[in-house]
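A.B. asks: Below is the structure I would like to discuss, written out as structure tokens.
The values are calculated or read from the model by the stated rules, or taken from the named source; none is laboratory data. This is a predicted model, so every value here is computed, not measured.
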Amino acid sequence: MRRDATEADADAGSPHDEWAPPLLSRRPYRTLVALALVLVTGGALLLGLFLLVFEPDAWQAGVALLMLFCLPFAVRPVELGRWSANWLRWPEMVAFVLLLAVAIGLGVRGLAHGIALLDERDWTGATPLEIAFWLGEGTAALGGAFLLLASVPLPLPRRAARWALAALAVVVSACGLATAVVYAGPDGCGSFAVDRERWLAGAVDSPSGDDRDRERIADAIVRCDALDGMTIAEVRAALGPEAEGDPDIGAHTRGWPVGWVNDGIGPGDEQYLEVQFADGRVAEASLRYDEYADD
């Protein structure tokens, strides 16, 4: 019977003989994990560069470049299920720890963002798909951390290593179940109500990403038809006074400034919440963009 690579390494006098062997004892499984690591790193690099261009965020690109740098050192021990017996084991371990930290960090970030969206659903009308996306991203990242840990020897007694991996597997499974429950749950429009204080406090002249409260509320208003049937007085009570002097707004239409969008590179678009009235009540609300506005 062919012996596992970890056993061969032990016969060769590995300095890690006392470490717990990888939970994924069969090499084909570890090869799949290594292949997934390569694909995820490539995808992260492309996403990071995309975000750097269209939504400038240096840390996104930095994380992607860090993953790309660590990949050549970390993929070998993951695929073989053992650390090198020579000097290469140190860059391998450092690269592995960095990738593991990125996976755990992305997992915590995704879960935290999903939980925040759940908490803000009353005033953002966040959809189940939007919340489930972030929860799913966090779950997938933590699942990736589990597979990484399960593919290499760990500096723990065998029993302790298995308990630690089992605990992480329970956390990943619970997060996956929560994601499924949220995705199958009710739409956020059922609990949405316009938060007047947040709307009035939201900046309308700041770049995208600095203050998006108005934009998020406007999106929910349009998606949830939150103003339908209201009178002009009721809309003003919810949103404050409308914009003055807009030549594109007719006698039966009113507009409320939302802020600037699409301004990651160059001039942006000034966005308005446009409300149309019929017989004295709101018939439709939509978002309008004035491209390359100068003021």
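A.B. asks: Looking only at region 214-255, how many residues end up being charged (D, E, K, R) and modelled with pLDDT under 85? Full working, then the answer.
C.D. replies: Taking region 214-255 as the starting set, the residues that turn out to be charged (D, E, K, R) are 214-216, 219, 223, 225, 228, 234, 236, 242, 244, 246, 248, 254.
So of that shortlist, the ones also modelled with pLDDT under 85 come out as 242, 244, 246, 248.
Going through region 214-255 one residue at a time, the tally reaches 4.
A.B. asks: Separate question: Consider Glu120 carefully, then state whether it is among the acidic types (Asp, Glu), within 28 Å of the chain's Cα centre (by Cα) and closer than 27 Å to Thr31 by Cα.
C.D. replies: no
A.B. asks: Give the residue, chosen from Val102, Val75, Val94, Val63, that is within 24 Å of Ala36 (Cα to Cα), modelled with pLDDT of 90 or more, of a type outside the set (Phe, Trp, Tyr) and assigned to a helix (DSSP H, G or I).
C.D. replies: Values: Val102 fails: modelled with pLDDT of 90 or more; Val75 fails: modelled with pLDDT of 90 or more; Val63 fails: modelled with pLDDT of 90 or more.
That would be Val94, the only listed residue that is within 24 Å of Ala36 (Cα to Cα), modelled with pLDDT of 90 or more, of a type outside the set (Phe, Trp, Tyr) and assigned to a helix (DSSP H, G or I).
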